[in-house]
Amino acid sequence: MAKFVELDDRGVETWEDMYDGKLQIHYRQDVAPILEHTKQLRDNDLADKGIKRDMWHYASIPPVVMMEWKNKYGVDLFNRDHEKQVFKLLNTEYKHLKTTRKHHQVKY
């Protein structure tokens with residue numbers, strides 16, 4: 001049975017559990033409010049208005065998704081060398097995190 005450890009200021013819960021005698025740490029976060037917000041921005045083209053001023057709110061990425069990318073794909077959102085993979089994930093499997101319907105990609 002998982003045991004609650006803490007809730008941080010980002011809304012990420014930490015849980016611990018024992019499986020086959022090994023400690024496992026799990027992270028959970030209610031991302032529904034973030035997904036609703038990105039949907040509203042996307043549906044009303046609100047994020048696209050900043051493109052002309054060279055500012056663009058392209059996506060909102062919850063901390064649990066950042067952790068998932070790091071563990072599942074080896075992609076670090078804050079590593080500029082991973083920028084191409086970040087946009088690939090946002091434009092394919094994680095479209096629901098985007099605040100726009102536009103497509104951005106990085107070319108090297």
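The values are calculated or read from the model by the stated rules, or taken from the named source; none is laboratory data. As the structure is a prediction and not an experimental result, all values here were calculated from the model. Note: ideal-geometry Cβ built from the backbone for every residue, glycine included; neighbour counts use all protein chains shown.
Taking the condition of being at pLDDT 85 or above, assigned to a helix (DSSP H, G or I) and out of contact with any strand residue (DSSP E or B) (no Cβ under 9 Å at 6 or more places or on another chain), how many residues in segment 42-64 meet it?
1
Output the number of the condition that GLY11 fails; it satisfies all remaining conditions of (1) in the same structural domain as HIS103 (by TED's automatic domain parsing); (2) in contact with a helix residue (DSSP H, G or I) (Cβ under 9 Å, 6 or more places away or on another chain).
The one condition GLY11 does not meet is (1).
From LEU77, LEU90, which residue is assigned to a loop (DSSP other than H, G, I, E, B) and not small (Gly, Ala, Ser)?
Within the list LEU77, LEU90, the selection yields LEU77.
Just checking, which of ARG101, ARG80 is touching a residue at least 40 places away in the same chain (Cβ under 8 Å) and either over 13 Å from the mean Cα position of the chain (by Cα) or surrounded by 14 or more Cβ atoms within 10 Å (Cβ to Cβ) (or both)?
ARG101
Could you pull out the residue among LEU23, LEU89 that is assigned by TED's automatic domain parsing to the domain that holds LYS3 and either free of Cβ contacts under 8 Å to residues at least 60 places away in the same chain or touching a strand residue (DSSP E or B) at 6+ places or on another chain (Cβ under 8 Å) (or both)?
Of the residues listed, the single one that is assigned by TED's automatic domain parsing to the domain that holds LYS3 and either free of Cβ contacts under 8 Å to residues at least 60 places away in the same chain or touching a strand residue (DSSP E or B) at 6+ places or on another chain (Cβ under 8 Å) (or both) is LEU23.
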